[in-house]
Amino acid sequence: MKTALLSPTLLACSLVLGGCASDGISQCEVDLSALGWTEDSHLKGVDGNYELLFDDSTVNRIDITICDGDYELMQEDLEALYGGEGGGPPPDGGGGPPPDGDDGPPAGVPVDSETDPIYVPVTVGFEGSTWPAVGMRYKGNSSLMQSYQDGVTKLPFRLNFDYYDDVYPELDDQRFFGFEELKFSSGFADDSLVRDLVSADLFRDAGVPAARGSLVEIYVDVGEGSVYWGAYTMFEDPCGELLDSWFDDDDGNCYKADGAGATLASFDAASFEDKTNDDEAAADIEALVGALHADGLSAEDWRAGLEAQLDVDGFLRSLAVSNLLGNWDSYGNMTHNYYLYGDPAQAGRLVWVPWDFNLTYRARGIGRALSITMDEVEDDWPLIRSLMDDPVYAAAYYGHVQELVDGPLSAQAQRERFEAAHARVAPSAAAESGTYTNISESFEGALDSTSDAVFDWIDAVVDEAEAAL
């Protein structure tokens with residue numbers, strides 16, 4: 001491995017070497033091979049190593065080092081955003097970027113959204129190898145804000161291995177076994193700790209593109225030694241390696257939906273951030289909305305126009321899975337938690353990619369999960385209402401429901417998935433303690449004996465589906 005000369009104005013030696021020394025930035029030579037760097041583990045251009053990182057028979061360990069000053073910045077930023085532990089309004093001015101440090105670039109770099117937490121540079125360790133200058137920030141909506149305000153320190157976060165490429169060009173295109181970005185779910189509001197993981201697996205089993213997940217143990221050192229942050233579910237980025245592994249062509253626009261326009265009741269480009277090609281116009285989203293609301297057409301022509309813009313059958317299949325899982329925090333209730341991918345292999349047709357499943361398998365009074373028939377859905381969610389009012393598409397939807405309950409989403413198939421994942425995470429869950437946990441004493445009975453037991457939902461919704469069919 002070539003020895004890299006790192007500029008004194010660009011890279012802190014202490015950061016590259018995985019420590020938190022206070023001597024600032026100085027010129028140094030770092031043998032990257034000594035940090036375990038290889039082409040397969042650290043560099044761009046290789047396929048994601050799913051067998052290593054997403055092995056469903058094990059729980060991997062990931063170590064993160066955050067310099068104490070940077071960790072303090074992260075906590076101060078959360079307080080500015082959410083008003084401190086215990087709730088209350090944020091201070092005047094909200095959560096802006098921290099001031100520049102005396103030595104080099106600022107440790108905390110804000111993301112585009114004014115309400116997103118800041119990134120800080122961290123060092124990641126895994127199986128004897130090291131990844132320096134990785135961007136880390138907290139993520140999430142209620143899973144972050146409510147946990148933080150309740151004093152929980154097991155918080156969801158993301159890692160971007162190429163976030164600081166402009167600051168440290170010597171580390172440009174750094175990857176983690178082929179993955180540029182990974183997201184970590186904390187098990188918020190889920191005593192089983194595996195709703196998010198199993199739901200994603202079941203979407204994929206059903207032929208719906210969804211980010212691959214795996215169970216991991218996270219250990220973090222903020223200057224006082226390694227501390228167990230708990231069992232997390234690690235997910236690939238829906239607009240990252242998933243596109244390469246699932247689709248024939250990963251060069252299309254991948255939009256993250258978030259905002260009022262995500263209902264598709266009208267077009268709003270600001271509600272769709274292109275995560276791959278920085279397309280701010282979102283012309284393909286606009287075309288979809290136009291086709292959905294086209295007037296004066298025959299039913300056949302309307303369907304043809306819509307199908308030219310959207311993989312409609314794929315959406316109907318995703319919708320059937322979502323309803324069988326009680327995925328209430330999604331389209332039909334919430335204006336986020338899905339992506340749209342313009343698949344070049346389908347002439348740019350948009351493909352529905354669901355996301356974020358920790359609030360699945362809930363009693364219908366908690367979170368308003370949609371019924372199987374979706375008769376309660378009104379015109380403010382036009383993609384559902386318009387399709388279900390069309391007899392051709394309604395028949396296709398019910399066909400998917402029937403196929404799923406007879407196959408990958410049968411009660412038995414779902415139970416087996418949960419039992420295996422729950423047993424796998426049990427030792428990691430038992431090791432959680434103090435404020436580094438989201439689970440209560442209900443972990444053991446989360447599947448079958450609590451008031452919100454997963455298996456109760458499975459039995460009830462499969463019965464409901466069979467009645468609707």
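Laboratory data are not the source of any read-out in this text; all were calculated from the coordinates shown. None of the values given here were measured: they were computed from a predicted structure. FYI the Cβ positions are ideal-geometry reconstructions off the backbone, even for glycines, and counts take in every protein chain you see.
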- prompt: Looking only at the range 415-441, which residues have a backbone nitrogen under 17 Å from a spot 7 Å from the Cα of T58 in the C-beta direction?
  reply: 424-428
message: Can you give me the long-range amide H partners of D162? Hydrogens built in the peptide plane at 1.01 Å from N, cutoff under 5 Å, separation of 5 or more residues or another chain.
response: G135
Proximal lysines relative to K139, as straight alpha-carbon distance under 23 Å, when same-chain residues fewer than 8 apart are discounted: K154, K183, K256, K275
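Taking 51 Å as R0, compute the FRET efficiency from the Cβ-Cβ separation of L43 and N333 and round it to 0.05. Walk me through the numbers before you get to the answer.
On the way: r = 41 Å, r/R0 = 0.81.
Using R0 = 51 Å, I get an efficiency of 0.80.
What is the sum of charges, Lys and Arg at +1 and Asp and Glu at -1, for the other residues whose Cβ falls under 11 Å from the Cβ of V59?
Charge balance near V59 sits at -1.
Given an 8 Å cut-off on Cα distances and at least 6 residues of separation, report the relative contact order of the range 144-239 as a percent.
Relative contact order, the range 144-239: 25 percent.
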- request: With label points built 7 Å along Cα→Cβ from the Cα atoms of S245 and R385, find their separation and express it in nm.
  value: 3.8 nm
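So how do 41-47, 146-152 stack up, highest first, on mean other-Cβ count within 10 Å?
On the way: 41-47: 14.6, 146-152: 17.0.
By packing density, highest mean first, the sequence is 146-152, 41-47.
Going by how many other beta carbons lie within 10 Å of each one, how would you line up K139, K154, fewest first? Display every interim value, and only then the final one.
Details: K139 18, K154 21.
So the residues, fewest neighbours to most, are K139, K154.
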- prompt: What whole number of Å gives the distance from the Cα centroid of the range 344-362 to the Cα centroid of the range 262-317?
  reply: 14 Å
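Can you give the relative contact order of the range 248-469 as a percent, counting alpha carbon pairs under 8 Å and 6+ residues apart? It would help to have the intermediate numbers written out before the result.
Working: 305 pairs, mean separation 44.4, N = 222.
Taking the mean separation of contacting Cα pairs over the length of the range 248-469, I get 20 percent.
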query: For the residues L197, L409, what sequence is obtained by ranking on other C-beta atoms within 10 Å, fewest first?
result: L409, L197
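Highest first, please rank the peptides 175-188, 318-331, 432-445, 251-264 by the mean number of other Cβ atoms sitting within 10 Å of their residues.
Numbers: 175-188: 23.4, 318-331: 25.1, 432-445: 15.8, 251-264: 20.7.
Those peptides, ordered most packed to least, come out 318-331, 175-188, 251-264, 432-445.
List T115, T450 from most exposed to least, where exposure is judged by having the fewest other Cβ atoms within 10 Å.
Numbers: T115 12, T450 17.
Least crowded to most crowded, the residues run T115, T450.
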